[in-house]
1. For TYR24, only one of the following conditions fails: (1) touching a Leu at 6+ places or on another chain (Cβ under 8 Å); (2) crowded, with 18+ Cβ neighbours inside 10 Å. What is its number?
2. Just the residues that are within 16 Å of TYR146 (Cα to Cα), among the polar types (S, T, N, Q) and buried (at least 17 other Cβ atoms within 10 Å of the Cβ), please, taken from the range 61-80.
3. For a quick check of your reading of the model, give me the residue pairs whose first member lies in the range 79-102 and is closer than 25 Å to ASP29 by Cα, whose second is in a loop (DSSP other than H, G, I, E, B) and away from the ligand (no atom under 16 Å from the Cβ), with beta-carbon atoms closer than 8 Å and at least 6 apart or on different chains.
4. Output yes when any residue across the range 5-20 is over 21 Å from the mean Cα position of the chain (by Cα) and closer than 29 Å to GLU216 by Cβ, and no when none is.
5. Quick check on my filter: what residues within the range 211-225 are aliphatic (A, V, I, L, M) and within 22 Å of the chain's Cα centre (by Cα)?
6. From the list GLY164, GLY195, GLY155, which residue is away from the ligand (no atom under 16 Å from the Cβ), on the phi > 0 side of the Ramachandran plot and under 16 Å from the mean Cα position of the chain (by Cα)?
7. Hey, can you tell me all the residues within the range 134-191 that are within 26 Å of GLN80 (Cβ to Cβ), buried (at least 17 other Cβ atoms within 10 Å of the Cβ) and among the aliphatic types (A, V, I, L, M)?
8. Given the conditions (1) more than 15 Å from the ligand (Cβ to nearest atom); (2) not in a helix (DSSP H, G or I), report the number of the one that ARG97 does not fulfil.
Amino acid sequence: MYSGGFYPYNTLEEFWAWWSRHIYVNRYDLTPGEPYTRLLELVRDKDYFVLTTNVDHQFQLAGFDKTRLFYTQGDYGLWQCSKACHDKTYDNEETVRRMVAEQREMRIPSELIPRCPVCGAPMTMNLRCDLTFVQDEGWYAASRRYEDFIRRQEGRHILFLELGVGGNTPVIIKYPFWQMTAENPQAVYACVNRGEAVCPREIAERSVCLNRDIGEVLREVSQDE
Ligand SMILES: [Zn+2]
């Protein structure tokens with residue numbers, strides 16, 4: 001499904017037929033996954049913050065506190081102007097549900113093609129894939145809350161828990177976590193990632209790297225509590 005997002009569709013009717021299905025199954029037609037609900041149980045009473053590159057709204061669905069959440073790369077539930085002519089995002093649920101219901105032979109009716117209310121250009125997904133990604137007011141507010149949180153934790157006993165971050169965008173979570181762990185002798189770094197659980201030698205003594213399935217590990221940790 002992820003690869004399909006980069007396909008050059010011939011028409012906007014096809015483009016939105018495909019995208020509306022993708023958005024629907026990944027954003028609206030689902031319940032929170034077990035790892036998310038278990039993770040929430042583990043952190044609920046703690047001073048936590050979630051930094052994520054996921055765009056599927058699972059943290060919100062599971063009930064995480066919205067003020068302790070920064071989703072850096074966008075959200076399947078939001079659209080923006082494809083020309084990025086203004087810094088605003090738009091909720092797409094109602095239109096996406098209509099696109100799914102009314103599409104025939106992999107095409108949506110032309111009148112459902114979303115257009116920018118300011119410049120008239122086609123709308124597009126609010127997902128970071130190039131420099132046109134719109135960071136709206138909510139994005140900047142979450143970014144500031146994350147920075148404040150990190151500042152308050154300086155020099156304190158903190159766990160940097162990294163779950164399933166791969167090599168695609170390591171500069172957002174992985175490298176900063178390594179660096180902040182290195183700079184704070186009270187910090188512990190933990191990484192759960194089947195196939196890619198590693199850390200630099202400099203922080204190895206204060207690191208836990210589990211080359212395992214995230215769901216299994218969270219289940220075991222919850223049972224120990
Ligand atoms: Zn526009």
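1. If we test TYR24 against (1) touching a Leu at 6+ places or on another chain (Cβ under 8 Å); (2) crowded, with 18+ Cβ neighbours inside 10 Å, just (1) comes out false.
2. Once the filter is applied, which keeps residues that are within 16 Å of TYR146 (Cα to Cα), among the polar types (S, T, N, Q) and buried (at least 17 other Cβ atoms within 10 Å of the Cβ), the range 61-80 yields only THR72.
3. Filtered contacts from the range 79-102: MET99/ILE108; GLU102/ILE108; GLU102/PRO109.
4. The answer is no, given that none of the residues of the range 5-20 is over 21 Å from the mean Cα position of the chain (by Cα) and closer than 29 Å to GLU216 by Cβ.
5. ILE214, VAL217, LEU218 - these are the residues of the range 211-225 that are aliphatic (A, V, I, L, M) and within 22 Å of the chain's Cα centre (by Cα).
6. Details: GLY195 fails: under 16 Å from the mean Cα position of the chain (by Cα); GLY155 fails: under 16 Å from the mean Cα position of the chain (by Cα).
Answer to the check: GLY164.
7. Matches in the range 134-191: VAL134, ALA142, VAL165, ILE172, ILE173.
8. For ARG97, the exception is condition (2).
The values are calculated or read from the model by the stated rules, or taken from the named source; none is laboratory data. A quick note: this is a predicted structure, and the numbers were derived from the prediction, not measured. Heads up, the Cβs are rebuilt from the backbone with ideal geometry, glycines too, and the neighbour counts pull from every protein chain shown.
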